[in-house]
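> Can you keep this structure in mind? I'll have questions shortly.
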Amino acid sequence: MRIMGLWRFLKSLILVNKEVPQTRGMLYPRESETREVRSLDGIWNFVRSDQANPTQGVRDEWYAKELSKSRPTIPMPVPASYNDITTDNLRDHVGTVWYDRKFFVPRSWSKDQRIWLRFGSVHYEAYVWINGQKVVKHEMGHLPFEAEVTDLLSYGAENRITVMCDNALIQTTVPQGRITEVPNDGGMTIVQSYTFDFFNYAGIHRSVHLYTTPRTFIEEVEVTTNLSKDATVGEVFYSVSVNGSAANEADNVLQIQANLYDKDGILVANATSDQKLGGKLQVNPVKPWWPYLMHSEPGYLYQLEIKLLATNDELLDVYRLKVGIRTLSWNSQQFLINGKPVYFRGFGRHEDSDIRGKGLDNALMVRDFNLLKWIGANAYRTSHYPYSEESMQFADEHGIMIIDECPSVDTENFSQELLGKHKSSLEQLIHRDRNHPSVVMWSIANEPRTGSVSADSYFELVANFTRSLDKTRPITAAIAVSNTQDKAGRSLDIISFNRYNAWYSNAGRLDMITQNVIDEAIAWNKRYNKPIIMSEYGADTLEGLHMQPAYVWSEEFQTEVFSRHFKAFDELRKKGWFIGEFVWNFADFKTAQSYTRVGGNKKGVFTRARQPKAAAHLLRKRYFALGRDLDQCSFPEDLFTYIADLIS
Ligand code: GCB
């Protein structure tokens, strides 16, 4: 028995590095003279399956006809989480739900082009049919997927799209969860549980598009950039993949014409390349991409126009994307952008709001960026999953640096199957986000149980895999185990740690924050000799609750907790290797029900309705003070409220 046990234990440590399928295509859908884009967003029809019979719809082929012919449907907005839309308990549904809608495809689309169906994201697993024919299956929330549907559509006619979405999280999904059957008052019921601290919202979370491409088209564009030492000359390296029959004809030498335009639409560089379908553009003088408050013109973007030409110069396809020219570098002490050391001042966040849950909402996104800029933040981490493509574009435009996190949160039980999915989530994420100048770091996990022996090789494999896909950005993970137990840090470039002094440990003890934070950061640095970030700290705070002296949950307490951390951060900044502070959280957000959560997690600096708590005003003063001290930014006029004329 003991030998069997040991064998099983050792087997769990031997993780094999298996190939992960490579994502293809998936350029963000954009119109051009060769492409059209149509949105399928709107009100869809919706059915929830019987929890005890989640595969019934597949067996009974609900996709073969309109959903309403199989079950009564209700209206459901897309994009949105479905959980908070109805007045019954759809919120806690576990398992599959179904969506369908009809849409028209114009006759003109039948001519010599290809049609693609693209989902910005569906959480967690999606199965898609067009006119009853299976099109695509995709596993993993928060990431896009697409499929060609050219031969499945009826042109000049009505079509039907059906989607089955499964929100079940188990030990081999990313993130992990558990499904159990437990007794209730009426018999047995299925319960989804998970240890991560945000609500498992589900549904068609981001936009659904149909778009056209020519028969032979630009399938991929990959861009990297460089700057001369004195930052006066910029280089843009581009590489293009082409898909389509013309690409395979031996006598057809395709060419890429690349044109780079500045913000005013003036052509600043161009090049034509053949065979390799890639090349280099030089910009002199260049305007580098800088983070917000690090430069008077942050987030400077050029437009890269990629034209695919046939031998006879015939224009086959055009795709345009925004490009920011910048360099990143790091060592054991610092993280630098364009050669200048960065001090991150930002947030952990969530895609979360009232009613729409995790559904894409442009009004919310713009409000959030306005608040980020108002408060003087220069960065956030996409805790704990990839955020919308639209928000990544917005971050590029506004100079907000992103630590881009994959959906691995609270990972435990490190199995071979999980490793494959975890790597796949990073592969899909990097494929999607590699061209964004705002993305400055990859986070390969949040609070994994890195104290366990198997975490060691697991995270080495995940980190090396991430590096093999992108060498231009450093890798981090937000770690919560103690520095003495951790086994993942050696595989990272930058160490991020989450800690809740005076909250989860020594609750209420404001006098036990500053020294603990200093000591812990020093210990992490000593252990790994790498730059250190405090990636989470904070305290739940009920808006409007005031108590003097400060008491847990009050606005005074959150303000004091922040202030005690600021003191520690300033001590640590003097050491040279402490490179950032991230408050948990930007805004209040919904969680699973628990007696520690009053309507959700209330550690937001802003309420869920995006209004500031008292601590937001303090944080704003700190972030701008850091901006002025480190990056010579100016103060907004309303930063300090007039109190008295102290000179006279
Ligand atoms: C953490 C987690 C985050 C939680 C937070 C909290 O360490 O990373 O997801 O929401 O603590 O407030 O408990």
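The values are calculated or read from the model by the stated rules, or taken from the named source; none is laboratory data. Everything quoted here is computed from the prediction, not taken from an experiment. Every residue, glycine as well, gets a Cβ built from its backbone with ideal geometry; the counts of neighbours run over all protein chains shown. These area figures cover heavy atoms from the full protein model, side chains too; ligands, DNA and RNA do not enter into them. Shrake-Rupley method; radii C 1.70, N 1.55, O 1.52, S 1.80 Å.
> Does the stretch 55-95 hold any residues that are open to solvent by 50 Å² or more (accessible area, probe 1.4 Å) and either hydrophobic (A, V, I, L, M, F, W, C) or under 33 Å from the mean Cα position of the chain (by Cα) (or both), and which are they?
Step one: filter the stretch 55-95 for residues open to solvent by 50 Å² or more (accessible area, probe 1.4 Å), giving 55, 58-61, 64-66, 68-69, 71-72, 74-75, 85, 87-89, 91-92.
Scanning the stretch 55-95 gives 55, 58, 64, 74, 75, 85, 87, 88, 89, 91, 92.
> Can you find even one residue in the stretch 206-222 that is free of Cβ contacts under 8 Å to residues at least 24 places away in the same chain, open to solvent by 20 Å² or more (accessible area, probe 1.4 Å) and in a loop (DSSP other than H, G, I, E, B)?
From the stretch 206-222, those free of Cβ contacts under 8 Å to residues at least 24 places away in the same chain are none; that's our starting set.
Scanning the stretch 206-222 turns up no residue that is free of Cβ contacts under 8 Å to residues at least 24 places away in the same chain, open to solvent by 20 Å² or more (accessible area, probe 1.4 Å) and in a loop (DSSP other than H, G, I, E, B).
> If you don't mind, there's one more thing I want to ask. Looking only at the stretch 572-595, how many residues end up being within 14 Å of the ligand (Cβ to nearest atom) and either part of a loop (DSSP other than H, G, I, E, B) or over 23 Å from residue 479 (Cβ atoms) (or both)? Don't jump to the end; show me each part of the working.
Kept after step one, since they are within 14 Å of the ligand (Cβ to nearest atom), are these residues of the stretch 572-595: 582-592, 594-595.
So of that shortlist, the ones also either part of a loop (DSSP other than H, G, I, E, B) or over 23 Å from residue 479 (Cβ atoms) (or both) come out as 585-588, 590-592, 594-595.
So the count comes out to 9.
> Can I ask one more? Working only within the stretch 596-638, note down all residues that are open to solvent by 20 Å² or more (accessible area, probe 1.4 Å), assigned to a helix (DSSP H, G or I) and charged (D, E, K, R).
Of all residues in the stretch 596-638, those open to solvent by 20 Å² or more (accessible area, probe 1.4 Å) come to 596-599, 602, 608-609, 611-612, 614, 617-618, 621-622, 625, 628-630, 632, 634-638.
Among the residues that remain, those that are also assigned to a helix (DSSP H, G or I) are: 614, 617-618, 621-622, 625, 628-630.
Within the stretch 596-638, 621, 622, 628, 629 qualify.
> Do we find a residue being outside any strand (DSSP E or B), of a type in the set (Lys, Arg) and open to solvent by less than 60 Å² (accessible area, probe 1.4 Å) anywhere in the stretch 525-542?
For the stretch 525-542, residues outside any strand (DSSP E or B), of a type in the set (Lys, Arg) and open to solvent by less than 60 Å² (accessible area, probe 1.4 Å): present.
> Just the residues that are at pLDDT 95 or above and touching a Pro at 6+ places or on another chain (Cβ under 8 Å), please, taken from the stretch 411-426.
Answer for the stretch 411-426, where residues must be at pLDDT 95 or above and touching a Pro at 6+ places or on another chain (Cβ under 8 Å): 424, 425.
> Quick check on my filter: what residues within the stretch 339-363 are open to solvent by less than 20 Å² (accessible area, probe 1.4 Å) and either in a strand (DSSP E or B) or within 30 Å of residue 41 (Cβ to Cβ) (or both)?
The answer is 344, 345, 346, 347, 348, 349, 350, 352, 353, 357, 358, 359.
> Residue 495 - would you say it is within 16 Å of the ligand (Cβ to nearest atom) and aliphatic (A, V, I, L, M)?
On the way: within 16 Å of the ligand (Cβ to nearest atom): yes; aliphatic (A, V, I, L, M): yes.
Here the answer is yes, as residue 495 does meet what is asked.
> Only one of 552, 561 is within 16 Å of the ligand (Cβ to nearest atom), at pLDDT 95 or above and over 29 Å from the mean Cα position of the chain (by Cα). Can you tell me which? Even if it seems obvious, please write down each step before you answer.
Details: 561 fails: over 29 Å from the mean Cα position of the chain (by Cα).
Going through 552, 561 in turn, just one is within 16 Å of the ligand (Cβ to nearest atom), at pLDDT 95 or above and over 29 Å from the mean Cα position of the chain (by Cα): 552.
> Before we move on, is residue 380 under 11 Å from the mean Cα position of the chain (by Cα), more than 24 Å from residue 90 (Cα to Cα), within 16 Å of the ligand (Cβ to nearest atom) and assigned by the TED database to the domain that holds residue 435?
Values: under 11 Å from the mean Cα position of the chain (by Cα): yes; more than 24 Å from residue 90 (Cα to Cα): yes; within 16 Å of the ligand (Cβ to nearest atom): yes; assigned by the TED database to the domain that holds residue 435: yes.
When the stated conditions are applied, residue 380 passes them.
> Scan (1) at pLDDT below 95; (2) surrounded by 14 or more Cβ atoms within 10 Å (Cβ to Cβ) for the single condition residue 186 breaks and write down its number.
The single condition residue 186 does not satisfy is (2).
> List the residue pairs whose Cβ atoms are under 6 Å apart, where the first residue sits in the stretch 477-506 and is part of a strand (DSSP E or B), the second is more than 13 Å from the ligand (Cβ to nearest atom) and among the basic types (Lys, Arg), and the two are 6 or more positions apart or on different chains.
Filtered contacts from the stretch 477-506: 495/530.
> Residue check: is residue 527 closer than 22 Å to residue 444 by Cα, more than 16 Å from the ligand (Cβ to nearest atom) and more than 28 Å from the chain's Cα centre (by Cα)?
Values: closer than 22 Å to residue 444 by Cα: yes; more than 16 Å from the ligand (Cβ to nearest atom): yes; more than 28 Å from the chain's Cα centre (by Cα): yes.
Considered against the rule, which asks whether it is closer than 22 Å to residue 444 by Cα, more than 16 Å from the ligand (Cβ to nearest atom) and more than 28 Å from the chain's Cα centre (by Cα), residue 527 comes out as yes.
> Which members of the stretch 247-267 meet the condition of being at pLDDT below 95, open to solvent by less than 50 Å² (accessible area, probe 1.4 Å) and in a loop (DSSP other than H, G, I, E, B)?
252, 254
> For residue 388, all conditions in the list (1) open to solvent by 30 Å² or more (accessible area, probe 1.4 Å); (2) away from the ligand (no atom under 16 Å from the Cβ); (3) assigned by the TED database to the domain that holds residue 411; (4) not hydrophobic (A, V, I, L, M, F, W, C) hold save one; what is the number of the exception?
All conditions are met except number (1).
Results for (1) under 14 Å from the mean Cα position of the chain (by Cα); (2) open to solvent by less than 10 Å² (accessible area, probe 1.4 Å); (3) within 16 Å of the ligand (Cβ to nearest atom), shown as yes or no for each residue.
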residue: 392; (1), (2), (3): yes, yes, no
residue: 399; (1), (2), (3): no, yes, no
residue: 447; (1), (2), (3): no, no, yes
residue: 452; (1), (2), (3): no, no, no
residue: 467; (1), (2), (3): no, no, no
residue: 472; (1), (2), (3): no, no, no
residue: 478; (1), (2), (3): no, yes, yes
